[in-house]
Every structure is written in structure tokens, then in C-alpha cells.
1. Take the residues in the range B:120-164 that are outside any helix (DSSP H, G or I) and hydroxyl-bearing (Ser, Thr, Tyr), then tell me which one is nearest to residue B:199 (Cα to Cα).
2. All but one of (1) modelled with pLDDT of 95 or more; (2) closer than 17 Å to residue B:85 by Cβ hold for residue A:60; state the number of the condition that does not hold.
3. Look through B:69, B:48, B:102, B:73 and report the one residue that is closer than 21 Å to residue A:122 by Cβ and in contact (Cβ under 8 Å) with a residue 40 or more places away in the chain.
4. Regarding the range A:203-210, can at least one residue be identified that is touching a Gly at 6+ places or on another chain (Cβ under 7 Å) and assigned to a helix (DSSP H, G or I)?
5. Could we say that residue B:75 is modelled with pLDDT under 95 and in contact with a Gly (Cβ under 9 Å, 6 or more places away or on another chain) here?
6. How do the helices (runs of 4 or more DSSP H) wholly within the range A:1-119 filter down when requiring 2 or more residues that are within 14 Å of chain B (Cβ to nearest Cβ): which remain?
7. If you go through the range B:40-59 one residue at a time, how many are closer than 19 Å to residue B:27 by Cβ and in contact with a strand residue (DSSP E or B) (Cβ under 9 Å, 6 or more places away or on another chain)?
8. Inspect the range A:131-143 for any residue being at the interface with another protein chain (Cβ under 9 Å from one of its Cβ atoms) and of a type in the set (Lys, Arg) and give the result as yes or no.
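The values are calculated or read from the model by the stated rules, or taken from the named source; none is laboratory data. In this text, all values refer to a predicted model and were calculated from it rather than measured experimentally. Cβ sites come from the backbone with ideal geometry, for glycine too, and all protein chains shown count toward neighbours.
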Number of protein chains: 2
Amino acid sequence: MNVLIMGAHGQVGQHLVEELKNTGKHTPIAFVRKEEQVKEFENAGVEARLGDLEGSIEDIQERMDGIDAVIFAAGSGGSTGDDKTLLIDLDGAVKVIEATKARNIDRFVMLSAMGAETRERWSDELKPYYVAKHFADMWLEDSDLNYTIVRPGMLENEDAKGKVLVKDTITDNDIYSIPRADVAKVLAATIDNENTYKKAFEVVTGQDSIEDALTNL
Amino acid sequence: MNVLIMGAHGQVGQHLVEELKNTGKHTPIAFVRKEEQVKEFENAGVEARLGDLEGSIEDIQERMDGIDAVIFAAGSGGSTGDDKTLLIDLDGAVKVIEATKARNIDRFVMLSAMGAETRERWSDELKPYYVAKHFADMWLEDSDLNYTIVRPGMLENEDAKGKVLVKDTITDNDIYSIPRADVAKVLAATIDNENTYKKAFEVVTGQDSIEDALTNL
């Protein structure tokens, strides 16, 4: 499948491009904001399309030629204000969902955050972020798209472990974090795994292989 | 009807309390954030309940005893950051909608903003505010509540004129503003006007009486 990755130049996004290349089954196409990022991906043999999540739905749609699946791994990040949280993490995500629907692309994978579904689990300092992720996730669940929502615990920069715990809600594990490289592996593995269709789940480092974890979901 | 006013101490809210008192048909009940605001309303003969839009849905529900209708006239305002835009204008509104549903209260009037339904009409400097209002409005439209969404133009502090233009979308008027006192009159007039049920409309200063405008909607 030709998989468009929103936020391909982000910390999870870069791992994800690599993962999809390595599968052999899929072709990653990077959606990025800056001309220099396009060049960087092209130099690495990856197709990249220049686009802006603050642009219109129509502008985003135009970047979806030939795409079979979309992964939303974009995020405004911790260094910008809550205006960008509203404009990227919420409205940007919703515009991509609407563009995906308009192009009749059926597969959508959302990178969300552990606890986003339940207000009681939102930490005070990250509340605006959780509000944005919560409503973007609900928008996706209410769409007619064939979605998967992946909600990782705290993201770390360690090497991939390849071992995870996957559940609707994780409240009983020793570890509540996960390397970004493993999140990318999980996102890549969901793309054509029918057992993950129309489901949302949380994921942290655990004991299971990713394949087993997604099969037993 | 007993009408709970969220944001009763705000600039529109204070006019709205007066309007509802003056109708003779309705009893305003103020939902306010500070103990001193409760006292202020009680001294003026208005029942007030202390509550927090950043609290839980359950906390908000508990303040809804004996209520027949809810008007959401709260707003984080221009002096707070976009974190409060997310927490009050979006998530606060959605929690009030959910609390209203949970209490089987059937009538909900939302104070929104002109243009909130269409991204192309969002001004750059107010975009985060429009995102929040947009999603709160859509949440309400998708609820099973008997709603009315009132979207005024630019709010002014002049005296009420009592003359308005009301339409789905206003793009062809000389005036794109409206006194807050008139917005309060429109909100109060919608409460038991069946012609406004399950509708959203924009309102600015115009030529029609409020009664005529809502009847011809």
C-alpha cells in the first residue's frame, strides 16, 4: 500500500518511514511542511509531498493522489503554544480525516496518547493536549473510515525493544513508557492487520511480540 | 422555565440574567466560578450556584437540580491563554452538554460566534477560538438535545437596539456587529421559541424586531 505519513519528519514519523520501507509490502510517502524536509527524504529515496496542516481540506486532499492509507503521526510538539495544539493536533487532524474521506481512502491510523479517552486520566500540565487528542480521536471514531487509534504511553528515545503490552486500557503494568521506535513498529504493523480495524488501544513496553499483541487484541 | 446560565457573570451573561428576570416567564439561575459572584447575584435576588467548568461532568450535573434549560454563555475571554480556550470554550462546553444529557434536560442554547461553522471565515488571530467554538457547536448538533446555536457578529457594549438581522449565514449586511445587550435578548427569546429548535443562526444589528426575526427564521 502507498501510505501517506503526516508528520513524517517528526520523531515517531522518521522511524515510521524506515519501518514502512523495511516491510517491503508498503511504500511510505512523507507529508512534510518544509522544502528542505522534502529534499532530505528524496535524498534518502523516499517520496515526499510539501503540505501544510494549517491549510485547507482541499489543499490536503490534493496531496493524496495514489494514496491507499494515511497515518497521522503529526503533533505540534512541546515547544509551541496551545494555539498550535488547537490548530494541528485537533483541527489539523480533523482536516486530514475529512480529506481522507473526500478522497475515498479507506484506511486511517491515528497516533494518539495513552489516556486520551478518559478525562480522569489527563494530567494537569498536559490537559490542553489531551483535549485536542480526545476530540480528534472521537471525530475519527465517528467517521466512516476504517480506523485504528494507537495510544502509546510516555515516549522515549531508547532503541526498539520489539516487546509490548497492548490493551484497551493499561492500568496494571510495571512500565508505562515505550520507545518511539517501537511505536513506529506498532503503527506500521497495524496498517494491514484486520484485527486492529475499527479499534483503539493503548501500548507500552511489555512481554509480547508486536505480532502476537496485535493478533490477541 | 428554570434556566441555568453558564457564564452568568460574563459580559453577555449579566445582561442575560436581567433579560430572563424581565420576561416573567423564566427564572434565571446563575452558574458562577467564585463565591463573591454567588453573593453578588443573591444580593440581587437571583439564585446562584458555585461550580467550575474545569471540573468533572458529575460535578456539573450536581448543579443542575430543578433545571429545565441550559444556556452556555461562558467563555474563557481574551485575557487568558489558548489553554483556557481548549479547557473552557471546547471541553467545558462539551462537559456541560454531556451533563445536560445525563440529567435528561432537553433544552440547550449555545452562545457561539459568527463564522464558527466555516473554516474559511476564521480570522487568523482568532483561529484557536474558532476551532474551539466549531467543535463545541458540532458536538451539540450531534447530541440528541433540543438545541439552538446563536452566532452573533462582533460584540459591542452599546445599549440594546432591539433590531436585528438573523440568518443562517450573514454575508450581505452593512453592519457585522451587535450590542451584547441585544445578544442577551436574542438568547432569552430563543428559550421557548419552537421556531429556533434544532437550528443554528447568525445575528447582527439589522432592521427587524427580535420576535419577527426569530419567527421568520
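1. Our first condition is that a residue be outside any helix (DSSP H, G or I); within the range B:120-164, this holds for B:122-123, B:143-164.
Add one more test, that the residue is hydroxyl-bearing (Ser, Thr, Tyr), and what stays is B:123, B:143, B:147-148.
On the way: B:123: 24, B:143: 13, B:147: 7, B:148: 5 Å.
Residue satisfying both the conditions and the ranking: B:148.
2. (2)
3. Numbers: B:69 fails: closer than 21 Å to residue A:122 by Cβ; B:48 fails: closer than 21 Å to residue A:122 by Cβ; B:73 fails: closer than 21 Å to residue A:122 by Cβ.
Answer to the selection: B:102.
4. Looking through the range A:203-210, at least one residue is touching a Gly at 6+ places or on another chain (Cβ under 7 Å) and assigned to a helix (DSSP H, G or I).
5. Numbers: modelled with pLDDT under 95: yes; in contact with a Gly (Cβ under 9 Å, 6 or more places away or on another chain): yes.
Criteria met by residue B:75.
6. Details: elements: A:11-23, A:35-43, A:57-62, A:91-102.
It comes to A:57-62, A:91-102.
7. Restricting attention to the range B:40-59, the residues satisfying the condition of being closer than 19 Å to residue B:27 by Cβ are B:40-51.
Now restrict to residues that are in contact with a strand residue (DSSP E or B) (Cβ under 9 Å, 6 or more places away or on another chain): B:40-42, B:46-51.
Residues that pass the stated criteria total 9.
8. Just the residues of the range A:131-143 that are at the interface with another protein chain (Cβ under 9 Å from one of its Cβ atoms), to begin with: A:131-132, A:134-135, A:138-139, A:142.
From the residues that got through so far, the ones that are of a type in the set (Lys, Arg) too are none.
Scanning the range A:131-143 turns up no residue that is at the interface with another protein chain (Cβ under 9 Å from one of its Cβ atoms) and of a type in the set (Lys, Arg).
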